[in-house]
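Below is one structure, written out as structure tokens, with a few remarks after it.
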Amino acid sequence: MTPTPVRRGGFLALTPLLVFLLIYLVVSLLAGDFYRMPISVAFIAASVYAVAMMRRMPFAERIGHFSAGASDQNVMLMIWIFVLAGAFAESARSMGAVDATVALTLHLLPGSLLPAGLFLAACFVSFSVGTSVGTVVALVPVAAGLAAETGMNEAWLTAIVVGGAFFGDNLSFISDTTIAATRTQECDLRDKFRVNVRIVAPAAIITLAIYLVTGSAAEVATAAEPVAWIRVVPYLLVLITAVAGMNVMKVLLLGIAASGAIGLATGSFSLMEWCGGMGQGITGMGELIIITLLAGGLLEMIRINGGIDYIIERMTRRISGRRGAEGTIAGLVCLANLCTANNTIAILTVGPIARQIADRFGVDRRRSASLLDTFSCFTQGLLPYGAQLLMAAGLTGISPLGIIRYLYYPIVLGVVALLAILLRYPRKI
């Protein structure tokens, strides 16, 4: 179905997006909790408004256009990847891959350099599992235990884990932010990684240097649990095959098969328990899938009404080159992230607009995907009402603001990413 644009344009075309933001923000502020108002409900209200406001079009045709946006090829491919990622994540967790990966990283930590080692562990685990929240859940209790054992600042060690968690959230091939950024910009995962790592690596190295200097005085010995090496294999397979360029869906299917085979062989679960775990993982992606569908339909209605053209025209009016275009893309995703407290949703919301800005001003789509992912992780990493900091606070009993004061990596990442725009780094992609 090929929509026939109405193209009214102007500010009115953007009001569905404002309805979404106002409902989400106002209700959340009144409730004093940014997770009391489900994002899916706010999207439904905005979608109903978007359909209702297009009175000149027959109702059935409006629903058809909304459905066409929700079932866009890129949206559907993203959903299939989310389904497989959920199945793999839960399958791997059930067979003990997360615990084994944590044990491996702790086994490799040098005792006298615990803070730097803990940061590396968080980076490795988050890159392996592709989720910052999962990394926080896995490693924050470890950080809290190490703080109790060594007398080191618990908020500091917790912040080290949270910061490292965003390293993998930004780079991992199975991270939902990476998937969302590459699908909305229509570029390859491996190509985006090659561009993104050249921005992220300096930030990680600078942060590691900070921990080496500030933590070098800590002389502590860490004893790790024995490493079940076989249980790390699924993550290693995912990493190796993804870096080798295998299609992400094939990568995830291979990871699921490896997790199942190892789990069954080691007695971690029965066949039915494995199937149940995969089902639970897929179900856990349900809200994200629904939000993705609603966002696709809502943005299609805004596009038909001329809203995206209006945003591009207004925001690019004074842009004179690629630096301005890249700064606009960064600003858009940061603003969306502040409003939604979810970096994946922020990327899904502004991704189509960012792609059009990139095409208009000659920004490589691999770079626009990298900027979307990087600046969304930078913003999410400093939100006291973000899921990662709320989770860390809940596990330790420390205020999110008490953790933020020690969050070096997101700040360094934001500064490096901004310099990358200003200095046109890297010049060759």
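The values are calculated or read from the model by the stated rules, or taken from the named source; none is laboratory data. Bear in mind that the values here come from a model prediction, so they are computed numbers and not experimental data. FYI the Cβ positions are ideal-geometry reconstructions off the backbone, even for glycines, and counts take in every protein chain you see. For accessibility, only protein heavy atoms count, side chains too; no ligands or nucleic acids. Shrake-Rupley method; radii C 1.70, N 1.55, O 1.52, S 1.80 Å.
Structure above, values below:
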quantity: Label-reachable residues, the stretch 279-305, where backbone N falls under 17 Å from a point 7 Å from residue 63's Cα toward its Cβ; calculated: 294, 297-298, 301
quantity: Unit charges on C-beta of K, R, D, E only; dipole of the chain, Debye; calculated: 1740 debye
quantity: Between the stretch 39-104 and the stretch 301-341, the alpha-carbon center distance in angstrom; calculated: 22 Å
quantity: Solvent-accessible area of residue 275 with every protein chain in place, 1.4 Å probe, in Å² to the nearest 10; calculated: 60 Å²
quantity: Listed residues 284, 371, 159: farthest to the positive end of the dipole of the chain (Cβ charges); calculated: 371
quantity: Rounded to whole Hz, the Karplus (6.51, -1.76, 1.60) HN-Hα couplings of the stretch 48-53, x for glycine and proline; calculated: 4, 5, 4, 5, 5, 6
quantity: Per-residue ³J(HN,Hα) for the stretch 376-386, Karplus 6.51 cos²θ - 1.76 cosθ + 1.60, θ = phi - 60°, Hz, x for Gly and Pro; calculated: 5, 5, 4, 5, 4, x, 10, 8, x, 9, x
quantity: Accessible surface, 1.4 Å probe, highest first, among residues 131, 214; calculated: 214, 131
quantity: Degrees between helix 154-171 axis and first principal axis of the chain (Cα, 0 to 90, nearest 10); calculated: 50 degrees
quantity: Label point distance in nm, residue 253-residue 107, each placed 7 Å from Cα along Cα→Cβ; calculated: 3.2 nm
quantity: Rough spin-label spacing in nm, given labels placed 7 Å along Cα→Cβ, for residue 401 and residue 18; calculated: 3.1 nm
quantity: For volume of the Cα convex hull per residue in Å³, calculated from these coordinates, the label among (1) 174; (2) 140; (3) 163; calculated: (2)
